[in-house]
Amino acid sequence: MALLHFNFESQYLNGNTDISVILPERPRKVDAADFYSNGKRYKVLWLLHGTYGDHTDWVRRTNIETYACENDLIVVMPSALNSDYASWPKFACGYDMERYLVDELMPLVYHWLPASDKREDNFIAGLSMGAQGAARYAVWYPEKFAGVAILSGSPHDWRRGNLKGAFAARTQNQLDAEGGLEGLLHSHRNVWDRIDALAKTGTLPRMYVASGTADFLFQDWYVPFKNHAKEIGLDATFEELEGYGHEWRFWDITIQRALHCFGFQSRDGGNAF
Amino acid sequence: MSLFTCQLFSKALDGNFTVQVILPLPESSDLFRSTPSVFPKGNQKFQVLYLLHGGYGDCSDWQRYTRIETYAKDHNLAVVMPSGANSLYTNIPHGPRYYDFYTRELPEMMQSIFPISGKREHTFIAGLSMGGFGAFQAALRNPERFAAAISLSGGLRLVGEGAMKKPSLDLLTLPYGKELEHFVYEENDILGMAEALKRQNVPLPKLYDACGTEDFTYPMNCFVRDKLLEMGFDLTWEEGPGIHHWDFWDTYIQKAICWLPLAEGLVEE
C-alpha cells in the first residue's frame, strides 16, 4: 500500500510541517502503468489527530490504512500541535491552522495528488481535539465536505464554562487568543451556535458523533450536545459505546463506523495482504 | 509510546537496512489510565518480540496494518520489526545473508542500542505468512536464543509432502535456486529443523500456530501442526474464520501476545 510522508514549508504555519497521506493501492493483478495513468480522482478523508499527537498517530494506532485501501480512499493526516486546529496569530511568527488547511493543504492535495475536490467526495474526521477541528471545518466550510465524524470531542457551549484541572490553563489560552468569551463566541471556535444556525438549512455535512460512555468528556460534552441536537432537530447519527474511554480501541472501531455511515462499505479495493 | 525508524549498516546484508522499533515508553494515555510505563534505569530491560512481515512487505507493515503499538504498550513489550524483502529470511547464495542478519546480528545491535533484553526467557519471535516461517525457523535453529515463537498463517512447508500448492509469489527460487539445489532439509524445512532439534538434548521453544480456516495456507498449517505435535513440541494451535488478511493477523497477534510467557513490567539483566 502507499503511504506518503510530506515535509514542506507552510506559508500559514510559518515553518516546516509534516503530513502523512494514504493513497489507494494498486491491486497486484492490475498493470502499474494502467493503474497510475487511469486519470481517476479519488475520494478524500481529512483525518485529524488529537492533543499530544501528530500526523503519524492514526496510522500507528488504528488500521485506517486497511479501511482506506478497501475503499480506494485517500486519507490526509496533517500535524497540528495542540492548536485546536485554530488560528494562533500570537504564537511566534503566527500559526494559522485554518488558513493552512483550507488555503494551502487543500490546493496541494487537489492539484498534486489524484484527489477529487467535489463536496460529495470529501469527508473530515478527527478524535478529541481533532473532533473539535473536524466539527469546526464542517460547520464553517459546509460546502467542502459531505460528511463529518466527531469522535470523543463533541461541540460544546462555551458559555457553560469549560474543563477544570489540567485543561483549565488551556481553556484560558483559548479565551485569551480570541479576546475573551465574547470574541470567542464570534470566532470559528464557536461551533455550537453555528450548528444552531444551520441545523434546519440542509447545508450541513452528514454528521456522525460518537463517544465511549467511560470517556471523561461523555457527561460534560457528548450528552449535552446529543440532547441539544434533538431539541434543535439536527439530523445526525449518535453512537455510544458502553465502557469505552478516551482511547485508541474506541477510535479504531468508530472510524470504521463513520466510514460505513458515509457509505464506504467496500472490501474490494487494494490487496488483502 | 515511541516508534524508532533506524537506518543501520549490516555486515550480513552487506549494506544499509531499515528496522522499526516500538518501545513502550511513557505516553499521553498514561495521563488517562494507570499504566505503569517508565523509562528503564540501570540493569532494567524490556522484554522483546521480534516481529517479521510477510511476502511483498517490509518493516513498516505491522505498524501500519495492525494496532501492534497499543498491544506492545499494554504488555510493556519492545517490538523489533526488520525488513526481510522476499528472502524467506534465508541466506541468499552469493547475496545478502538474511538468516544470519535477523537471528544474530540484529538482536546484538538492538541490545547494544536499546534497553532490550538478550536473555532467552525474555526474547520472542513472531511473524505472518513468510514471517511465520521466519519465526519458527529462528526458534527451531536457535533454541538457546528464543523462548517462544509465533506463526500466523505461516508458510511453514514449501517443499515436499503437505507443501502449499503454487504460491502466488515464488519465494523458493531466490534462496534455494531454480532446481532447489541449495535446499537442505534440516536447515530450510521447518519439520527438518524440528527433527534435528529433537535429536539434541536442549530445552525446546514454545510454539504458537494460528491460521484462518479459509486461508489458502490452512491445510499446510494443519499438516505441519500435526507433525510437530507428534514430535512432542509444546505447540498451541488456534484457528478461526478468516482468510490471508490483516484482520486475522491483527486479532491473533493480540491472542498470541497474551499467550507469551511474559514477565510483569521491566526485567533485570
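The values are calculated or read from the model by the stated rules, or taken from the named source; none is laboratory data. Here the structure is a predicted model, which means the values were calculated and not measured. Ideal geometry is used to build each Cβ from the backbone, glycine not excepted, and the neighbour counts take in all protein chains shown.
Can you tell me which residues in segment B:77-96 are buried (at least 20 other Cβ atoms within 10 Å of the Cβ) and out of contact with any Cys (no Cβ under 7 Å at 6 or more places or on another chain)?
Scanning segment B:77-96 gives B:LEU77, B:ALA78, B:VAL79, B:VAL80, B:GLY84, B:SER87, B:LEU88, B:TYR89, B:THR90.
Which number in (1) outside any helix (DSSP H, G or I); (2) in contact with a Gly (Cβ under 7 Å, 6 or more places away or on another chain); (3) within 14 Å of chain B (Cβ to nearest Cβ) marks the one condition that A:PHE123 misses?
(3)
Consider A:VAL209 carefully, then state whether it is part of a helix (DSSP H, G or I), farther than 30 Å from B:GLY57 by Cβ and among the β-branched types (Val, Ile, Thr). Give the derivation first.
Details: part of a helix (DSSP H, G or I): no; farther than 30 Å from B:GLY57 by Cβ: yes; among the β-branched types (Val, Ile, Thr): yes.
Taking the combined requirement at face value, the residue does not satisfy it.
Counting only residues that are among the hydroxyl-bearing types (Ser, Thr, Tyr), give me the helices (runs of 4 or more DSSP H) lying completely in segment B:185-269 with at least 1 of them. Give the derivation first.
On the way: elements: B:185-188, B:190-199, B:218-230, B:246-259.
Of the helices (runs of 4 or more DSSP H) lying wholly inside segment B:185-269, those with at least 1 residues that are among the hydroxyl-bearing types (Ser, Thr, Tyr) span B:185-188, B:218-230, B:246-259.
Among (1) assigned to a loop (DSSP other than H, G, I, E, B); (2) within 21 Å of B:THR70 (Cα to Cα); (3) more than 14 Å from chain B (Cβ to nearest Cβ), there is one condition A:LYS200 misses while meeting the rest; what is its number?
(2)
Spot the failing condition for A:LYS43; the list is (1) closer than 24 Å to A:ALA131 by Cα; (2) assigned to a loop (DSSP other than H, G, I, E, B); (3) of a type in the set (D, E, K, R), and only one is missed.
Single failed check for A:LYS43: (2).
With at negative phi, without any contact (Cβ under 8 Å) to a residue 40 or more places away in the chain and out of contact with any Phe, Trp or Tyr (no Cβ under 8 Å at 6 or more places or on another chain) as the only criterion, which of B:LYS119, B:LYS165 stands out? It would help to see each step written out before you state the result.
Working: B:LYS119 fails: without any contact (Cβ under 8 Å) to a residue 40 or more places away in the chain.
Step by step, each of B:LYS119, B:LYS165 is checked, and only B:LYS165 is at negative phi, without any contact (Cβ under 8 Å) to a residue 40 or more places away in the chain and out of contact with any Phe, Trp or Tyr (no Cβ under 8 Å at 6 or more places or on another chain).
Is at least one residue of segment A:1-10 among the polar types (S, T, N, Q), at pLDDT 95 or above and either touching a helix residue (DSSP H, G or I) at 6+ places or on another chain (Cβ under 6 Å) or more than 22 Å from A:PHE145 (Cα to Cα) (or both)? Give the steps one after another, and end with the answer.
First pass over segment A:1-10, keeping only residues among the polar types (S, T, N, Q): A:7, A:10.
When the remaining residues are screened for being at pLDDT 95 or above, the result is A:7, A:10.
If we keep only those that are either touching a helix residue (DSSP H, G or I) at 6+ places or on another chain (Cβ under 6 Å) or more than 22 Å from A:PHE145 (Cα to Cα) (or both) as well, we get A:7, A:10.
Yes, segment A:1-10 has at least one match.
Test A:ILE255 against the criterion of being assigned to a helix (DSSP H, G or I), touching a helix residue (DSSP H, G or I) at 6+ places or on another chain (Cβ under 8 Å), buried (at least 16 other Cβ atoms within 10 Å of the Cβ) and within 14 Å of chain B (Cβ to nearest Cβ), and give yes or no. Don't jump to the end; show me each part of the working.
Details: assigned to a helix (DSSP H, G or I): yes; touching a helix residue (DSSP H, G or I) at 6+ places or on another chain (Cβ under 8 Å): yes; buried (at least 16 other Cβ atoms within 10 Å of the Cβ): yes; within 14 Å of chain B (Cβ to nearest Cβ): yes.
Spelling it out, A:ILE255 is indeed assigned to a helix (DSSP H, G or I), touching a helix residue (DSSP H, G or I) at 6+ places or on another chain (Cβ under 8 Å), buried (at least 16 other Cβ atoms within 10 Å of the Cβ) and within 14 Å of chain B (Cβ to nearest Cβ).
Could you list all residues from segment A:28-53 that are within 14 Å of chain B (Cβ to nearest Cβ), within 27 Å of A:LEU101 (Cα to Cα) and surrounded by fewer than 17 Cβ atoms within 10 Å (Cβ to Cβ)?
Answer for segment A:28-53, where residues must be within 14 Å of chain B (Cβ to nearest Cβ), within 27 Å of A:LEU101 (Cα to Cα) and surrounded by fewer than 17 Cβ atoms within 10 Å (Cβ to Cβ): just A:TYR52.
Quick check on my filter: what residues within segment A:92-107 are crowded, with 16+ Cβ neighbours inside 10 Å, in contact (Cβ under 8 Å) with a residue 60 or more places away in the chain and part of a helix (DSSP H, G or I)?
In the first step, residues of segment A:92-107 are kept if they are crowded, with 16+ Cβ neighbours inside 10 Å; the result is A:95-98, A:100-102, A:104-106.
Imposing the further condition that a residue be in contact (Cβ under 8 Å) with a residue 60 or more places away in the chain reduces the set to A:95-98, A:100, A:104-105.
Correct list: A:MET97, A:GLU98, A:TYR100, A:GLU104, A:LEU105.
Out of everything in segment A:212-252 that is touching a residue at least 40 places away in the same chain (Cβ under 8 Å) and within 14 Å of chain B (Cβ to nearest Cβ), what residue ends up being nearest to the chain's Cα centre (by Cα)?
A:TRP251
Which residues, taken from segment A:128-179, are within 17 Å of B:PHE32 (Cβ to Cβ), touching a strand residue (DSSP E or B) at 6+ places or on another chain (Cβ under 6 Å) and in a loop (DSSP other than H, G, I, E, B)?
Within segment A:128-179, just A:SER152 meets the criteria.
Taking only pairs six or more apart or across chains, which ones have beta-carbon atoms under 8 Å, a first residue in segment A:52-63 that is farther than 20 Å from B:LEU31 by Cβ, and a second residue that is part of a loop (DSSP other than H, G, I, E, B)?
A:HIS55/A:HIS49; A:HIS55/A:SER79; A:ASN63/B:THR66; A:ASN63/B:ARG67
For the condition closer than 17 Å to B:THR236 by Cα, touching a strand residue (DSSP E or B) at 6+ places or on another chain (Cβ under 7 Å) and buried (at least 19 other Cβ atoms within 10 Å of the Cβ), what is the one hit in B:PHE146, B:PHE101? Spell out how you get there, then give the answer.
On the way: B:PHE101 fails: closer than 17 Å to B:THR236 by Cα.
It is B:PHE146.
Given the criteria touching a strand residue (DSSP E or B) at 6+ places or on another chain (Cβ under 8 Å) and free of Cβ contacts under 8 Å to residues at least 12 places away in the same chain, does B:ARG64 qualify?
Details: touching a strand residue (DSSP E or B) at 6+ places or on another chain (Cβ under 8 Å): yes; free of Cβ contacts under 8 Å to residues at least 12 places away in the same chain: yes.
Judged against the criteria, B:ARG64 is a match.
Would you point out which residue out of B:TYR102, B:TYR89 is part of a helix (DSSP H, G or I) and either away from every other protein chain (no Cβ under 14 Å) or more than 14 Å from the chain's Cα centre (by Cα) (or both)? Walk me through how you get there before you give the answer.
Details: B:TYR89 fails: part of a helix (DSSP H, G or I).
Sole residue among the options that is part of a helix (DSSP H, G or I) and either away from every other protein chain (no Cβ under 14 Å) or more than 14 Å from the chain's Cα centre (by Cα) (or both): B:TYR102.
Given B:LEU128, B:LEU140, B:LEU169, B:LEU152, which one is among the aliphatic types (A, V, I, L, M), over 20 Å from B:ALA194 (Cα atoms) and either within 14 Å of chain A (Cβ to nearest Cβ) or buried (at least 24 other Cβ atoms within 10 Å of the Cβ) (or both)? Working first, answer last.
Numbers: B:LEU128 fails: over 20 Å from B:ALA194 (Cα atoms); B:LEU140 fails: over 20 Å from B:ALA194 (Cα atoms); B:LEU152 fails: over 20 Å from B:ALA194 (Cα atoms).
The conditions single out B:LEU169.
Go through (1) surrounded by fewer than 17 Cβ atoms within 10 Å (Cβ to Cβ); (2) within 14 Å of chain A (Cβ to nearest Cβ) and name the single condition B:TYR185 misses.
(2)
Residues of segment B:28-76 being within 14 Å of chain A (Cβ to nearest Cβ), among the polar types (S, T, N, Q) and buried (at least 22 other Cβ atoms within 10 Å of the Cβ), which ones?
B:GLN63, B:THR66
Would it be correct to say that B:ASN188 is at pLDDT 95 or above, within 28 Å of B:HIS245 (Cβ to Cβ), polar (S, T, N, Q) and out of contact with any strand residue (DSSP E or B) (no Cβ under 6 Å at 6 or more places or on another chain)?
Working: at pLDDT 95 or above: yes; within 28 Å of B:HIS245 (Cβ to Cβ): yes; polar (S, T, N, Q): yes; out of contact with any strand residue (DSSP E or B) (no Cβ under 6 Å at 6 or more places or on another chain): yes.
Taking the combined requirement at face value, the residue satisfies it.
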